[in-house]
Amino acid sequence: MSLLTRSLILASAFLLSACDDAKAPEKIEEVAVQGSYSIRFSADGNQAMVGSLHHGGSLWTLAPLERRYDWNHQAEGYSNILTSAFSPDGNFIATADNRTIVLWDNNSGEAVWFWNAPGDIEDIALTADGNLALLAMQDYTATLFDIKNGGIRQRLAHDGIVYDVSIAEDGVLAASASDDSSARIWNLDTGKSLHTLPHENQVRTVELSTDGRLLFTSAFGESGKIWDARSGTLLREIAALRGHYSSARFVNGGSQLITGNSSGQIELWNVNNGERQQVWRAEPRDTWVSNNVQVEDVARSNGGWVAAGSNGLVYYLK
């Protein structure tokens, strides 16, 4: 056995032993046969908006799993739904490809508005009733867009590509993550930057708690960070088992945080003390292709937890 082979075996054994306490999903369901560009859960964790590879967009209920609508941005053919967002009340859903945005009525399944975007979109978040959309843009801005009437309300400037955005339930407090190694907290009414939160690398994930008290951020190569969103004070850091955090959501009144990372680990945290309470592992579709699954979204759902993988699978967790 060569030295290289022995080293690889030892490294693999170390990684597996580090994840031995990770629980397997209770159930796995498929929502995209060939994987997904994006999967986003509703606030109550009972629905999933899926942007699949090669088969367009679709809205699903999770219990039981059922496809409700097929949604695309064109009459013929499939659209590449790169990101999506539910309004906090669940009545509206926005879908976005690179340059177009559609607002859908969740009750009727009909398209309410169709817009050409002011640039290339990385992420989208909605305010209550689907009135406004905050767009994470490649043009170095988080852009607040009137998705029902048209027009730009605010351009919130960064010094790099904006990858992720989040809005508190009040529709006033927002956060953005950027390639400029910072996350920023904003007042959407005034367009004023309230806090700039420095990191050592590009920030890819931001998530505000529903009440806007807490903010989670994640940058490449760093621990996840939990901040007091009102003061901009760093409260604690949480270390990923492997990879970087690709999704997060505060639950149970902000007392817990559920996270998913780029190598398939889903973790539940106690926000007050930063302790890891549970760990699950998102199983890959095909280990010959990759042992890792990027977790696209996580949520509380029907008394348990759900996670969505970029491989097009939904994981039900207990």
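The values are calculated or read from the model by the stated rules, or taken from the named source; none is laboratory data. Quantities reported herein were computed from a predicted structural model and do not represent experimental measurements. Cβ: placed from backbone, ideal geometry, glycine included. Neighbour counts: every protein chain shown. SASA here: full protein model, heavy atoms, side chains in, ligands and nucleic acids out. Shrake-Rupley method; radii C 1.70, N 1.55, O 1.52, S 1.80 Å.
Points to keep in mind about this one:
- Relative contact order of the chain, pairs being alpha-carbon contacts under 8 Å that are 6 or more residues apart, as %: 14
- Listed values (1) 72, 51, 35; (2) 65, 46, 38; (3) 64, 52, 38, entry calculated as Cα extents along the principal axes in Å: (2)
- Computed FRET value (nearest 0.05) for ASP105 with GLN74, which takes r as the C-beta separation and R₀ as 22 Å: 0.75
- Net lengthening on full extension, ASP44/PHE220 (0.36 nm per residue, minus Cα-Cα): 60.5 nm
- Expected 222 nm ellipticity per residue - DSSP helices of 4 or more, -39500 (n - 2.57), all of the chain, to 500: -1500 deg cm²/dmol
- Accessible surface, 1.4 Å probe, highest first, among residues LYS27, LYS192: LYS192, LYS27
- The H on the amide N of PHE220, modeled in the peptide plane, is under 5 Å from the matching H of GLN202, ARG204, each at least 5 residues off or on a different chain.
- Here the label points at LYS318 and ALA24, each 7 Å from Cα along the C-beta direction, are separated by 1.4 nm in the simple model.
- Placed amide H near ALA248: partners under 5 Å, 5+ positions off or other chain: GLY260, VAL298
- Heavy-atom accessible area ranking, 1.4 Å probe, most first, across LYS23, LYS148: LYS23, LYS148
- Basic side chains Lys and Arg get +1 at the Cβ, acidic Asp and Glu get -1 at the Cβ, and with that the dipole of the chain about its Cα centre reaches some 540 debye.
- Backbone geometry of the stretch 137-152 corresponds, through the Karplus equation with coefficients 6.51, -1.76 and 1.60 at θ = phi - 60°, to 3J(HN,Hα) couplings of 10, 6, 8, 6, 10, 9, 10, 8, 10, 7, 7, 9, 10, x, x, 8 Hz, x marking Gly and Pro.
- FRET efficiency for the VAL33 to ASN98 pair, using the beta carbon distance and R₀ = 30 Å, is estimated at 0.85.
- Set of lysines with alpha-carbon distance to LYS148 below 25 Å, sequence-local pairs under 8 removed: LYS192
- With a Förster radius of 30 Å applied to the beta-carbon distance between ARG230 and ARG153, the computed FRET efficiency rounds to 0.85.
- Virtual spin-label span in nm between SER255 and PHE114, 7 Å along Cα→Cβ: 4.7
- Working note: Karplus 6.51/-1.76/1.60 with θ = phi - 60° gives the stretch 175-184 the couplings 9, 9, 10, 9, 5, 7, 6, 9, 10, 10 Hz, where Gly and Pro are set to x.
- Contact order, relative form, for the stretch 176-281: 16 percent (alpha carbon pairs under 8 Å, 6 or more residues apart, mean separation divided by residue count).
- The slack between ALA63 and ASN291, meaning 0.36 nm per residue of separation minus the straight C-alpha distance, is 79.3 nm.
- For LEU194, the residues whose amide H sits under 5 Å from its own are ILE185, TRP186, ASN187, ignoring neighbours fewer than 5 places away on the same chain, with H placed 1.01 Å from N.
- Our summary gives the stretch 86-219 a relative contact order of 15 percent, counting only alpha carbon pairs under 8 angstrom and 6 or more residues apart.
- Integer Hz, Karplus 6.51/-1.76/1.60 couplings in order for the stretch 256-262, x for Gly and Pro: 10, 10, 10, 10, x, 10, 6
- Area of PHE220 that stays accessible when all protein chains are in place (1.4 Å probe, Å², to 10): 60
- Of the residues GLU200, GLU237, GLU122, ranked by 1.4 Å probe accessible area with the largest first, the sequence reads GLU200, GLU237, GLU122.
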